[in-house]
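The block underneath contains the structure these notes are about, expressed in structure tokens.
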Amino acid sequence: MYIYIMIGAAGVAAVGIAVTMLLLYLKKRKLDEADMWLVHEFQRCNVMVFGKKGSGKDVIFAHVIALRNEKHYSNIPYDGNTEIIRLDEIGAGDNTFEDCINGTITKFMPRFDEGCDIYVSDAGIYFPNTMDKQLNTFYPSMPVLFALSRHLYQNNIHTNCQAFGRPWKKLREQADSYIQVLRTVRRGDYLYVKIVGYDKEKDAENEQNPSVKYTVRVPIAELEYDSRYFMNVFLLKPPTAREYVMQRIMRSLKYDRHHGKNE
């Protein structure tokens, strides 16, 4: 009787282990499927990533860049394969849609290498939709390159932003895939990023009829970009203790001279 109990217990344990291993396999397969879908989308077309502050938009960019492991262009450094560019370099020479309509296209020297995608971080800051008139003046050729990047360079141009409607419409409407980042949580050495994908602009805008839903697992060790990059862009570096003392001394000297205290 004891032997039968032991055999039964061993059988139950074996089944439990098998079920656990199967669940872990299915979970890993799902995560791998998420990575494959991301790489496919970014290789296939222009992708727009949007989500609230701190949701993980640049994490998705950095993860895709790490998975692809290719040279690329961006306005911020993501890893060793990033070539930093000025945003006014994103264009088709001096050509506009009006030139395409009128047949007055002017040829220009290529700026980008074939097959190297462009990633624009925080497009809503640089191309705010509320400044349409100014953007038409500053970047008249940029929408043309967004439309023709596959023809000109065999590449795609990707953007991310904090809200769907925030970036310039002429760029937003050139995307073919929309990814909403919902949130990111850390568990051990990984970040888990919940995303939703949309095929249509209107569905993305209304956050309805998603085509896919994934949880993307991102190794923290893979991330090389500065998550507070714009701090160095906007803020002056605080003075050291010595610099602060010297500033106080110089201000005091200027005050004394102005009020004649050196006489």
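The values are calculated or read from the model by the stated rules, or taken from the named source; none is laboratory data. Please read these numbers as outputs of a predicted model, since none were measured by experiment. Reconstructed Cβ throughout: ideal geometry from the backbone, glycine too, with neighbour counts over all protein chains shown. Side chains included, ligands, DNA and RNA excluded: accessible areas come from the protein's heavy atoms. Shrake-Rupley method; radii C 1.70, N 1.55, O 1.52, S 1.80 Å.
Okay, here's what the table says:
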| quantity | calculated |
| --- | --- |
| Selection of GluC sites (Glu not before Pro), region 72-166, meeting DSSP coil and at most 15 other Cβ within 10 Å | 114 |
| Carbon + sulfur, % of accessible area of region 46-183 - ligands and nucleic acids excluded, 1.4 Å | 51 |
| Computed over region 123-179, Cα set: Rg, Dmax in Å | 11.2, 31 |
| Lysine-lysine proximity count for region 124-233, Cα under 23 Å, sequence distance 8 or more or distinct chains | 10 |
| Surface per residue (accessible, 1.4 Å probe) for region 33-165, Å² | 46 |
| Hull shadow area, averaged, region 165-230 [alpha-carbon convex hull, nm²] | 5.7 |
| Amide hydrogen neighbours beyond the local backbone of residue 49, cut-off 5 Å, H modeled | 159, 160, 161, 179 |
